[in-house]
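The values are calculated or read from the model by the stated rules, or taken from the named source; none is laboratory data. Keep in mind it's a predicted model, so treat the numbers as computed, not measured. We place every Cβ from the backbone using ideal geometry, glycine too, and count neighbours over all the protein chains shown. What goes into the accessible areas is simple: the full protein's heavy atoms, side chains included, and nothing from ligands, DNA or RNA. Shrake-Rupley method; radii C 1.70, N 1.55, O 1.52, S 1.80 Å.
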Amino acid sequence: ARGSYGLRAVLDLSLRFGQGFVQTAEIAERQEIPESYLVQLLNVLRKGGLVRSVRGPKGGHALLRRPEEVTVREVLAILEGPLDLLGEGRDPGGGIDRSDVFREVWKEVQKAIDGTTSSFTFDDLCRRHQGKHENIVFRI
């Protein structure tokens, strides 16, 4: 849920890029994300350098960079950490055996996932939704 909800929140902010700050309650309602959980996700995205948050009645959240500069991979890495199908980030002995016959398969799978998620920007996703109702829910 963390990655899915976070991607939906960033899409919502992308659709409103340049229009000022967006309040948490508005994002939560449009994207059907529990508001208390959304606050946590936006905090992680803020700490990751992707979102600016301002408190107060005129506050809210906004992307720090243009949607065409933000990839799905970047958002997922901030929220979930880097993809590690090979177990290389684990303690020695905890990952896939270097001689494992499936190692090459997992390397290719990880490469494909990284390539695909890096190729999609939030501008791409916004353009896919042009002409549709503004209150979309983006499902992953």
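Could you state how much accessible area Arg2 has, in square angstrom rounded to the nearest 10, with a 1.4 Å probe and all protein chains kept in place?
90
In a GNM of the chain with a 10 Å cut-off on Cα contacts, which of Val39, Val101, Val51 has the highest mean-square fluctuation?
In the Gaussian network model the winner is Val101.
From the residues Gln110, Leu86, Leu42, which one has its Cα farthest along the dipole of the chain in the positive direction, the dipole being from +1 and -1 charges on Cβ of Lys/Arg and Asp/Glu about the Cα centre?
Of Gln110, Leu86, Leu42, it is Leu42.
With +1 on each Lys and Arg Cβ and -1 on each Asp and Glu Cβ, and nothing else charged, work out how big the dipole of the range 51-91 is about its Cα centre, in Debye to the nearest 20.
With only Lys, Arg, Asp and Glu charged at Cβ, the dipole is about 500 debye.
I need the calculated FRET efficiency for the pair Asp114 and Gln23, taking r as the beta carbon distance and R₀ as 25 Å, to the nearest 0.05.
Efficiency computed from Cβ-Cβ geometry: 0.15.
Taking just the alpha carbons, could you work out the radius of gyration and Dmax for the chain, both in angstroms?
Rg then Dmax for the chain, in Å: 17.1, 58.
Taking 0.36 nm per intervening residue step and subtracting the Cα-Cα distance, what contour gain separates Arg128 from Glu32 on full extension?
Additional length available on full extension: 32.6 nm.
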